[in-house]
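The values are calculated or read from the model by the stated rules, or taken from the named source; none is laboratory data. From a predicted model like this one, the values you see are computed outputs, not experimental measurements. Cβ placement follows ideal geometry from the backbone for every residue including glycine, while neighbour counts extend to all protein chains displayed.
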Amino acid sequence: MHPLELESHGRAPLAGASSRLKLLAALGIITLTALLPRRPHILYLIPATTLLLLWPFCRMPLGYAVRRLLVAEMFILGIALLSLVRPAAAPIFFSSLIKSNLCVFSMLLLTWTTPFQDVLQELRRLRFPAVMLTTLALMYRYLPVLGEETRRMSRARASRTFARRRLGTWQSLALIIGQLFIRSADRAERIYLAMCARGWK
Amino acid sequence: MVWSCDWEPAEHKQMHLPDGFLDAKTALLSSGVGVAGVGLALRQVGNSVQSRQMPMLGLGAAFVFAAQMLNFPIAGGTSGHLVGGVLAAILLGPSAAVLVMTCVLIVQCLMFADGGLTALGANVFNMAVVNVVGGYFVFKLLRSVIRMEQHRATVFAAAFAGWFGTVLGAVVCAGELAFSNTVPWSIAFPAMANVHMLVGIGEGLATGLIVLAVLRARPQLVPSGRDAGFTLRSGALGYGLLICLGLTLFVAPFACPWPDSLEAIGARLGLPSQTTAAPLAGYRFPLIGSATVATAVAGAVGTIIAFIAAYALARAVVPVFGAPKKDASTGT
């Protein structure tokens, strides 16, 4: 199985629902939560309960949700703390915090139940520009390939070389990334020929 | 779960805005300029890029994403990763880089819930338009001005442009936060600018070294100065106008030390008069002058330091052969 596919599970009840519906629902919840003016905190219970009710239908493990929320929290807290440095800042601080976490949670539910392939299909139906669609599709296809290549190269370099100075480490990392770019360019050339052979454009 | 363990974008060194920090007007305005930038890039790519290079956009996006996985050690066990916007612009050209970075942001948002959906437009504008094109402007300018051996000039310009693009994107990000009244400008600007002046050093260093690595292994992959001009025909005017528009919208209202500029602009745009902000105005006024001026001074000093550092890097890592009189001491 494609490693990327593991991100979204086919077993959850909501995974079978129309992806357009899921995208629109997520967009609706996030827009209403994030963009409306700050309101009494009690009103945030409405999106919160909606998301909690949807959660069982998505079968997203609690540990995964907590882990991803914690990753997002570093940045959310960073900005939220900046907003604290002004008089009477507590409402702004708390509402930003609640808003962000609710939105991240709804994005997590969406990404858990909707494979990226379906999102691409939906974007195609919405007449997203063709160049962007091709780019997104190719990127999605070759992410694991290039990721594996990166890991292989860094493993090989780690086993062969070491650097005393930090600049040396940076130089060897830069060499890996440069090599990765060259290999990507070569691969793009081969892909182009293969696509032409199959009647692209 | 192999994917999410190994690939999790664990460290947020980038200025990905999450949902909930921008208000509706800022989200709409920044999406507007972001979409305009992407539209301009689409037109340019449609005009100038041959279909042969089309797969390179997808592979370039995957390349940027994969390069972001590698951690560069900084100090005391912390590490950061590349953002890669300016790098992509140098290697692929500015318009292609705008599309590539936009796709990276879309995938990060829709596949990894990294960066907000309502903030996607703002993130695209900051990191795929301002960072990429602003950095590329500086790169082209420096490389055409500087009289150095060609590889050296390229590495120097790339390193400085990487730093500059990062700082410029962060300043616009601070402006968006202040414009949506989430974080006061007197806090957001110094915090974002100072942090990213430091972060940008790493980005610039990595950009310069990677460009050099590609130059040494496959020089024809780096478009050289003459054949890849950034002229009016390739959208320089449009991009320049867009960036200026963004700076005017999000940064200019605050950069002015007079306290009434924000309200004047708000009134001109037909926004409701800021009764809630009124008690804060008196508080903000004394701070804005000092903090903004101090950060501006720090920015000027930082620019000079980054400039010298980029120059030193280029001299250190690119030995010039055949000129022993001048460069005998710089070989590494």
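Side notes on the structure shown:
- Residue check for A:LEU82: buried (at least 19 other Cβ atoms within 10 Å of the Cβ) and either at negative phi or outside any helix (DSSP H, G or I) (or both): yes
- Residue list for the stretch A:122-132, filter: exposed (fewer than 14 other Cβ atoms within 10 Å of the Cβ) and part of a helix (DSSP H, G or I): A:ARG124, A:ARG125, A:ALA130
- One residue alone among B:MET54, B:MET69 is under 21 Å from A:PHE181 (Cβ atoms), part of a loop (DSSP other than H, G, I, E, B) and within 11 Å of another protein chain (Cβ to nearest Cβ), and that residue is B:MET69.
Here is a yes/no grid of residues against (1) surrounded by fewer than 23 Cβ atoms within 10 Å (Cβ to Cβ); (2) on the phi > 0 side of the Ramachandran plot; (3) within 11 Å of chain A (Cβ to nearest Cβ); (4) not β-branched (Val, Ile, Thr):
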{"site": "B:CYS103", "(1), (2), (3), (4)": "no, no, yes, yes"}
{"site": "B:LYS140", "(1), (2), (3), (4)": "yes, no, no, yes"}
{"site": "B:VAL145", "(1), (2), (3), (4)": "yes, no, no, no"}
{"site": "B:VAL155", "(1), (2), (3), (4)": "no, no, yes, no"}
{"site": "B:PHE160", "(1), (2), (3), (4)": "no, no, no, yes"}
{"site": "B:ALA174", "(1), (2), (3), (4)": "no, no, yes, yes"}
{"site": "B:PRO190", "(1), (2), (3), (4)": "yes, no, yes, yes"}
{"site": "B:HIS196", "(1), (2), (3), (4)": "no, no, no, yes"}
{"site": "B:VAL199", "(1), (2), (3), (4)": "yes, no, no, no"}
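- Taken over the stretch A:138-151, the criterion of being among the aliphatic types (A, V, I, L, M) and at the interface with chain B (Cβ under 7 Å from one of its Cβ atoms) is satisfied by A:LEU138, A:MET139, A:LEU143, A:LEU146.
- Sole exception among (1) assigned to a helix (DSSP H, G or I); (2) more than 10 Å from chain B (Cβ to nearest Cβ); (3) farther than 14 Å from A:LEU102 by Cα for A:ARG39, by number: (1)
- Filtering the stretch B:123-153 to residues that are charged (D, E, K, R) and either farther than 11 Å from B:PRO94 by Cα or not in a helix (DSSP H, G or I) (or both) leaves B:ARG143, B:ARG147, B:GLU149, B:ARG152.
- Test result for A:THR135, at negative phi and touching a strand residue (DSSP E or B) at 6+ places or on another chain (Cβ under 7 Å): no
- The C-beta contact set for the stretch A:157-173 (first residue more than 13 Å from every other protein chain (Cβ to nearest Cβ), second residue at pLDDT 80 or above, distance under 7 angstrom, 6+ apart or interchain) comprises A:THR161/A:SER172.
- Test: residue in the stretch B:152-160 that is modelled with pLDDT of 90 or more and either closer than 24 Å to B:ALA119 by Cα or polar (S, T, N, Q) (or both): yes
- Every residue from the stretch B:74-93 that is within 13 Å of the chain's Cα centre (by Cα) and in a loop (DSSP other than H, G, I, E, B): B:LEU82, B:VAL83, B:GLY84
- From the list B:GLY84, B:GLY116, the one residue that fits, being facing chain A (nearest Cβ under 9 Å), crowded, with 24+ Cβ neighbours inside 10 Å and touching a Cys at 6+ places or on another chain (Cβ under 8 Å), is B:GLY116.
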